[in-house]
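Written below as structure tokens is the structure these notes are about.
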Amino acid sequence: MIHKTFANGKIEILVTDAEFGHVVPGDKNFHHRLLNRDLASYPTVWMDQQHTALVAHADKEGILPATDGVYSRTTDLMLVTKTADCVPILLWNEKSSIIGALHCGWKGFTAGVIDSFKFVGVNYEDCDMSDFSAFLGPHLRAEHFEVQQDFIGQLSEKKQPYLIQRDGKTFFDITRGVTDELNNIGISKIEDCGIDTYRNPEYFSYRTWTQSTENDRKESYSTFANCIVMKREEIKN
């Protein structure tokens, strides 16, 4: 499990692991599992992720339909993206008091979900995209992101440079692609956890699930939660 704070403790990030268990939007046991691990629980915003480029605003708990990005200025509100190989991107702008969470698989990446996030800077006059910081959670890395011709054929010319040829096979470097796209919208302060879901059993991997034998494979694959919250500042006497 990853548990970190930034901006002098104002921003809290949490990534659950396999021991924590499978997560689904609106899971009523999610908060109990947090509290049982001595972790703070907050009203939670989930997304019904559909690999879109849609980024929505949220100011209260709930499940956002067909959304793959969310941002908020509300304190003590947890934004969550669930993943199992896709790139979870958690963002915060301390100066403008804005947090965000993006679900970025290859479909969302090619659809432009990161590019959609730049409109947050348009919606708020006091928001400069260069003031955002980003955290990349566990995801499938290029070493194990082998792709076939049907995948390659769906990539635009702009995305072709992220293909890697090795030993007669083709791989996709979504980590570099995500980093470049964040840079393109003005976000350069990026921390990558460096964890490969394919190699690390602590985090669920869809590709590992598909490549396992039928006897070892569960009926459905699991996902883990990537969470960010902007905590209310305590009033000091």
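The values are calculated or read from the model by the stated rules, or taken from the named source; none is laboratory data. As the structure is a computational prediction, the values presented were derived from the model and not from experiment. Every residue, glycine among them, receives a Cβ derived from its backbone with ideal geometry; neighbour counts consider all protein chains shown.
In the set (1) more than 19 Å from the chain's Cα centre (by Cα); (2) of a type outside the set (Ser, Thr, Tyr); (3) closer than 22 Å to ARG207 by Cα; (4) not in a strand (DSSP E or B), the condition left unmet by ARG176 is number (1).
Please go through segment 112-138 and give me each residue that is part of a helix (DSSP H, G or I), within 29 Å of ARG207 (Cβ to Cβ) and out of contact with any strand residue (DSSP E or B) (no Cβ under 8 Å at 6 or more places or on another chain), ordered by number. Give the steps one after another, and end with the answer.
Looking only at segment 112-138, we keep the residues that are part of a helix (DSSP H, G or I), and these are 113-117, 119-123, 129-131.
Checking which are within 29 Å of ARG207 (Cβ to Cβ) leaves us with 113-117.
Across segment 112-138, the qualifying residue is only ASP115.
In segment 147-162, the residues that are in contact (Cβ under 8 Å) with a residue 12 or more places away in the chain and over 10 Å from GLY177 (Cα atoms) reach residues that are β-branched (Val, Ile, Thr) and not in a helix (DSSP H, G or I) with C-beta atoms within less than 8 angstrom, at least six apart or across chains, in these pairs: VAL147/THR170; GLN148/THR170; ILE152/THR170. Filtering segment 182-203 to residues that are in contact (Cβ under 8 Å) with a residue 60 or more places away in the chain and over 14 Å from the mean Cα position of the chain (by Cα) leaves ASN184, ILE185, GLY186, ILE187, TYR198, ASN200, PRO201, GLU202.
Conditions tested, residue by residue: (1) in a strand (DSSP E or B); (2) of a type in the set (D, E, K, R); (3) touching a Lys or Arg at 6+ places or on another chain (Cβ under 7 Å); (4) at negative phi.
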| position | (1), (2), (3), (4) |
| --- | --- |
| SER41 | no, no, no, yes |
| GLN50 | no, no, no, yes |
| LEU91 | yes, no, no, yes |
| THR110 | no, no, yes, yes |
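Scanning segment 186-211 for residues that are outside any loop (DSSP other than H, G, I, E, B), closer than 18 Å to PHE172 by Cβ and modelled with pLDDT of 95 or more yields ASP192, ASP196. Checking segment 37-46 against the condition returns no match, with no residue being small (Gly, Ala, Ser), under 20 Å from ILE89 (Cα atoms) and surrounded by 13 or more Cβ atoms within 10 Å (Cβ to Cβ).
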